[in-house]
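The values are calculated or read from the model by the stated rules, or taken from the named source; none is laboratory data. Note that the structure is a prediction, hence the values are computed from the model and not measured. Every residue, glycine as well, gets a Cβ built from its backbone with ideal geometry; the counts of neighbours run over all protein chains shown.
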Amino acid sequence: MEDSIDSVVDVLYDSDENSVPPERLEQASEKVEEWWHRAQVEGLVPLNNEEWDDISTQQTIVLLFPFLLGMAKIADTRLEQREQRVEQAINYFVYFLQKMSNLHFLSKDEQKQVEWAIQLLQGTTETQWSDSDKRQRKIEWFKQQKLWKQKVDQLSKLVNSGETGEEELQREWMASKLHLAIYKVIGMSQHLVEELQLLAYGKQKQLNNTTEEKESQKQMNNQPVFLKLGRMRFYEPLVKQPPPFRIPDDDPCFPLHHQHEQHSRKLSRVEDDKETKDDEIEIYKQRKWDDWKDDHNRGSGNTLR
């Protein structure tokens, strides 16, 4: 099992940070599912009452499988069956956190954070955080992830060099990987719950819209034809533009209307003539002023000739 696990772990472990093609994700996920099933059959999965010091190095690797399967589910961002994949990922992550919690592997502070994440993912938490508290916790989780990531990288170099004891170093390396995986799940828990809620809301909204459309169409189909036509005629004036207003020539009010139009045009011409005359006066004044300035240069008024 250990011979080919490293390449698969590298694909799934950091799939939240690296873009992995869906085909590669699917291949790696199938491989881990095969190993996980074999580990369950062979009894390599640690029991709930076992201690961390009592499990073998091979079992520490098995503990990582549920986390990898969850990462494979959420790394596939295709919209098809996204809600189902997020639910499966949450189930894998809850199982992983519960296993790590039962092994007495964590400090008291880490144990509290793991219990909170389990409750959040299962929808049983009643803790309400403010935006500032959420921001502060995210910063703390990010710092922890960074520290454990650095330690994993350091131990990876030692494991690959083979300079120290193989068994002890491998065990410490896996412990660091598990710690980093725990903080990754804790950091993603809030986002996963919110995404699942949004997906469920969108699905329900689409279902409601489809139901309303079907019901509306059903009601329209059941109505008599004359009601449909009456409704269409009722809305016609709101759509069509009315024709321009015009008094027929044979209307008794036509002479008065004609006189009113003539009077309006006359007033309009008088107003236009007045504006034109005012404009001409302004132009005349401006020209006279320009001529005077041309004849009297600046500063020449007090000179003696």
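General observations
- Residue within segment 118-137 that is surrounded by 12 or more Cβ atoms within 10 Å (Cβ to Cβ), of a type in the set (D, E) and either outside the structural domain of A175 (by TED's automatic domain parsing) or in a helix (DSSP H, G or I) (or both) present: no
- Tallying residues that are in a loop (DSSP other than H, G, I, E, B) and surrounded by 14 or more Cβ atoms within 10 Å (Cβ to Cβ) within segment 33-54 yields 4.
- Some residue of segment 214-226 being surrounded by 10 or more Cβ atoms within 10 Å (Cβ to Cβ), at pLDDT below 85, more than 30 Å from E83 (Cβ to Cβ) and not assigned by TED's automatic domain parsing to the domain that holds Q88: yes
- So F67, is it within 30 Å of K203 (Cβ to Cβ) and surrounded by 14 or more Cβ atoms within 10 Å (Cβ to Cβ): yes
- Filter pass, R78 being buried (at least 16 other Cβ atoms within 10 Å of the Cβ) and not aromatic (F, W, Y): no
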